[in-house]
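Please treat every number below as a calculation from the coordinates, not as lab data. Source: prediction; values computed, not measured. Backbone-built Cβ (ideal geometry, glycine too); neighbour counts: all protein chains shown.
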Amino acid sequence: MTEQELIYRLKAGDEIAFKHLVESRQSLVFNTVLGFLQSTEDAEDVTQDIFVKIFESIQQFKGESALSTWVYRVAVTSALEFIRRKKRKKRFGFLSPILGENNEPTLELPDFNHPGVTLDNKEKASILFKAIKELPENQQIAFVLNKVEGLSYQEVADIMKSSLSAVESLLHRAKTNLKENLKNMNNFDQ
């Protein structure tokens with residue numbers, strides 16, 4: 001099925017076309033969301049929500065970009081919305097103590113299991129993704145899409161609806177900030 005035929009059938013409400021979309025794009029969406037959320041359970045829930053959003057809003061797809069670019073946009077937006085909702089809930093919830101036993105600072109590593117990370121690198125990846133979460137949102141998006149998902153600068157620019165030079169600048173600033181975040185985390189551990 002061509003992309004144009006798929007889009008046409010999706011807009012017509014064809015459930016077989018939707019099933020095809022889910023089967024062909026599920027791992028792409030899940031891995032992208034996992035790169036932002038760093039929790040398999042949350043990523044699974046958000047991935048399901050994303051496909052529901054896609055099915056419900058396919059009429060709004062204008063075809064100005066590739067379908068996969070639009071799917072990436074929906075995935076990134078949904079992941080960031082989930083993070084924002086989670087942060088709002090935390091602000092109104094009870095704060096957990098920052099200090100652990102013996103009044104030592106605690107650094108909780110997220111439950112992280114990205115498909116591209118081997119078991120022996122899991123702790124390092126967990127620290128890296130915690131540092132990535134500290135980046136400004138646009139830098140985080142550009143970095144995850146380029147470095148984690150392996151998309152080209154042009155694909156990232158299309159997804160973010162920005163210029164190639166803006167993406168290059170975001171990635172440069174992200175790398176600089178990431179180095180600083182990791183250095184600060186290393187100092188915190190000592």
With Ala157, Ala174, Ala142 as the choices, which residue is farther than 19 Å from Leu37 by Cβ and of a type in the set (A, V, I, L, M)? Ala157
Filter the range 48-73 down to the residues that are more than 13 Å from Val22 (Cβ to Cβ) and among the aromatic types (Phe, Trp, Tyr), then identify the one that is surrounded by the most Cβ atoms within 10 Å (Cβ to Cβ). Tyr72
Filter the range 1-47 for residues that are surrounded by fewer than 17 Cβ atoms within 10 Å (Cβ to Cβ) and in a loop (DSSP other than H, G, I, E, B) and give the result. Met1, Thr2, Ala12, Gly13, Asp14
